[in-house]
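Encoded as structure tokens, the structure appears first; notes follow it.
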Amino acid sequence: MLHAVSAILALFSFWLVLSGFFTAFLISAGAASSLAVFAFSRRMGVVDREGHPVHLSWRALTYWPWLIKEIVKSSWDVSKIILNPRLPISPTLVRIKPTQRTPEGLVTHANSITLTPGTISVEVGPDEFLVHAVTREAAEGVASGDMDRRATRFEGSA
């Protein structure tokens, strides 16, 4: 029931933001559209714990700001590398062992690595990630395990 209510509210909120008009007819049309999309989604089987992870909402309020800060820091580092005439790169592949237990946690961790400039999750599995980094320092940052710990806390395993 929580997934149903939150999915309908999310769809309706998105509709309101995109519409920008708040007449009675348009609000009721948006509500009807949101209910219809939810009904189709439920029939297709995409409104579940993985497809609509509402249970992670509160943890996202602490994880996303941290991730945004990491993306900004990495962007700055990559920008300095690009602007340096010597282009001091040292491409590195590193294997790490994730501690997440759920598909949501593994995907969050792998996507967080890829969202951070200078690193890309090349292979992702429940036992091991293969990560490409532009510099050795970025590879050491991934191997340090800080992102792994935070992604595990985000999924609720720690």
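The values are calculated or read from the model by the stated rules, or taken from the named source; none is laboratory data. Model, not experiment: these values are computed from the prediction. Here the Cβ positions follow ideal geometry from the backbone for every residue, glycine too, while neighbour counts run over all protein chains shown.
Only one entry of S74, S41, S57 meets the criterion of being part of a helix (DSSP H, G or I), closer than 20 Å to E155 by Cα and out of contact with any Cys (no Cβ under 8 Å at 6 or more places or on another chain), and that entry is S57. Among the residues making up region 106-134, those that are farther than 14 Å from K73 by Cα, surrounded by 17 or more Cβ atoms within 10 Å (Cβ to Cβ) and of a type in the set (V, I, T) are V107, T108, V124, V131, V134. Looking across region 107-136, the residues that are without any contact (Cβ under 8 Å) to a residue 24 or more places away in the chain and either of a type outside the set (G, A, S) or closer than 16 Å to I71 by Cβ (or both) come down to V107, A110, N111, T114, I120, S121, E123, V124.
Just to be sure before I move on: is I27 at pLDDT 90 or above and either exposed (fewer than 15 other Cβ atoms within 10 Å of the Cβ) or assigned by TED's automatic domain parsing to the domain that holds A151 (or both) in the structure I sent? Spelling it out, it is not the case that I27 is at pLDDT 90 or above and either exposed (fewer than 15 other Cβ atoms within 10 Å of the Cβ) or assigned by TED's automatic domain parsing to the domain that holds A151 (or both). Of everything listed in (1) more than 24 Å from A10 (Cα to Cα); (2) within 13 Å of the chain's Cα centre (by Cα); (3) among the acidic types (D, E), the single unmet condition for E137 is (2).
The number of residues in region 54-76 that are surrounded by 17 or more Cβ atoms within 10 Å (Cβ to Cβ) and not aliphatic (A, V, I, L, M) comes to 3. As a summary of the residue check, L87 satisfies the conditions (1) at pLDDT below 95; (2) crowded, with 17+ Cβ neighbours inside 10 Å except for the one numbered (2). Residue pairs whose Cβ atoms lie under 6 Å apart, sitting 6 or more positions apart in sequence or on different chains, and linking a residue in region 36-48 that is under 25 Å from T102 (Cβ atoms) to a partner that is part of a loop (DSSP other than H, G, I, E, B), are S41/V47.
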